[in-house]
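Each reported figure results from applying straightforward, stated rules to the coordinates on display, with no laboratory input. Here the structure is a predicted model, which means the values were calculated and not measured. Reconstructed Cβ throughout: ideal geometry from the backbone, glycine too, with neighbour counts over all protein chains shown.
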Amino acid sequence: MIRDLHTELIEINRAQISPAVLERAGAILRAGGLVAFPTETVYGLGADGLNEEAARKIYAAKGRPSDNPLIVHIADTEALNKIVQEVPKAAEKLAEAFWPGPLTMIFHKNECVPLGTTGGLSTVAVRMPSDEIARELIRQGGGYIAAPSANVSGRPSPTTAQHVYEDLNGRIPLILDGGPVPIGLESTIVDLTEECPVILRPGYITRSMIREVIGEVQVDQGLIEENALVRPKAPGMKYRHYAPKAELLIVEGPMDQVIAYINGQCCDSGKTGVICTEETKTCYPGKVVKCIGSRKDERSIASHLFQVLREFDEEEVDRIYSESFHTPGLGQAIMNRLLKAAGHRKIYVT
Ligand code: AMP
Ligand code: MG
């Protein structure tokens, strides 16, 4: 992969967001260039979503398969009408309830959205983020910013500007550093082109939160089926993702059994990694232990997942065992990402 650009990393003070920096970043986007920026979910890699050439640069910088469509980010609800054919009633309600925020909706696209942005699909994914830096950059950049997560394809999504730098240094001109992101998992995706709305990717906005606003909502079979015969409808969900270098295995069952099982494992190098929580971090003597958060605060688990997966790449471990995190609200989204990182390798202990 070629790294021939100078990458500038600019720290943004959230108490006083510099208009000059955002204007400069916006000018790069309007000229068809790439800028990485914080959102409340993960860092995004932005390009003008209505400019096919610009959107293509995203695929090149990330090494992303070209059939994996991009999400177009807008800064206000009015912007939606220009790029979609119609806004169903359910979408209006969801936008009112969750925008700006970590919810992406899929619509039938208008002509002005190039197929290079939508991976050749006639539909387009749209989100209005709540992060103030993101919103101002979208405005400055022309209003329609295509932005996938700002990682090299297959790596864990970036939750700090440093993660973006590790992956994309030399491939993009500018990274806006707005500090660590608050949520740490990508947006919930809901498809509104079907008769009944369908969740294509679980996220911070849960199924029950969506149900409360619009009534029935389905979950894509491709997410539920454990055998990989059913293809997920979101093209990106079929790819291996987030995978650390070492083999990752998820262990499920009663906590004392999980701890006993993991402690019973050792590998050739003698170094085994463990992903656990505050509650159990002292239970694995002799292992390389990473605490992901507390079971009393599931948001802490969500927000550290990708960071912990990245940190293990710096450790000489042969294998990583992870506790499972079926927490009440975010558990679905957390386990979706963790299972993908593990290539769906899971052990039940009883
Ligand atoms: P990322 O931006 O890296 O979080 O990836 C965006 C996700 O949105 C991928 O899983 C895509 O497959 C999905 N996506 C984007 N546009 C569409 C669309 N029009 N239809 C279905 N899924 C989409
Ligand atoms: Mg991604």
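Please report, in cubic angstrom per residue, the volume enclosed by the convex hull of the alpha-carbon atoms of the stretch 244-333. Spread over its residues, the Cα hull of the stretch 244-333 gives 87 Å³ apiece.
How big is the convex hull of the Cα atoms of the stretch 284-326, per residue, in Å³? Can you show the working numbers first?
Details: hull volume 3.2 nm³, N = 43.
That works out to 75 Å³ per residue.
Sorting the Cα pairs of the stretch 92-193 by distance into bins of 10 Å, from 0 upward, gives 13, 41, 38, 8, 0 percent per bin.
Fully extending the segment from Val219 to Asn110 would add 36.7 nm, taking 0.36 nm per residue of separation and subtracting the current Cα-Cα distance. Between the listed residues Leu50, Gly222, Gly179, the Cα displaced farthest toward the positive end of the dipole of the chain, a dipole computed from Cβ unit charges relative to the Cα centre, is found at Gly222.
With the biggest extent put first, the Cα atoms of the stretch 1-140 measure 44, 36, 22 Å across the principal axes. Calculated from the alpha-carbon coordinates, the stretch 31-80 shows an Rg and a Dmax of 11.3, 33 Å respectively.
Treating only the Cα positions of the stretch 148-198 as identical point scatterers, give the base-10 log of I(q)/I(0) from the Debye formula at each q in 0.26 Å⁻¹. Here log10 of I(q) over I(0) equals -1.00.
What ranking do 154-163, 76-85, 182-191, 271-280 get when scored by the average of other Cβ atoms within 10 Å per residue, highest first?
Taking the mean over residues of other Cβ atoms within 10 Å, the ranking is 182-191, 154-163, 271-280, 76-85.
When all alpha carbon pairs of the stretch 41-107 are counted in 10 Å bins from zero, the resulting P(r) reads 16, 48, 30, 6 %. Each stretch of four or more DSSP H residues adds -39500 (n - 2.57); spread over every residue of the chain, this sum gives -8500 deg cm²/dmol at 222 nm.
Size of the stretch 203-294 from its Cα atoms: along the principal axes, largest to smallest, the extents are 49, 28, 20 Å.
With the convex hull constructed from alpha-carbon coordinates only, the chain shows a mean projected area of 17.7 nm² over all directions.
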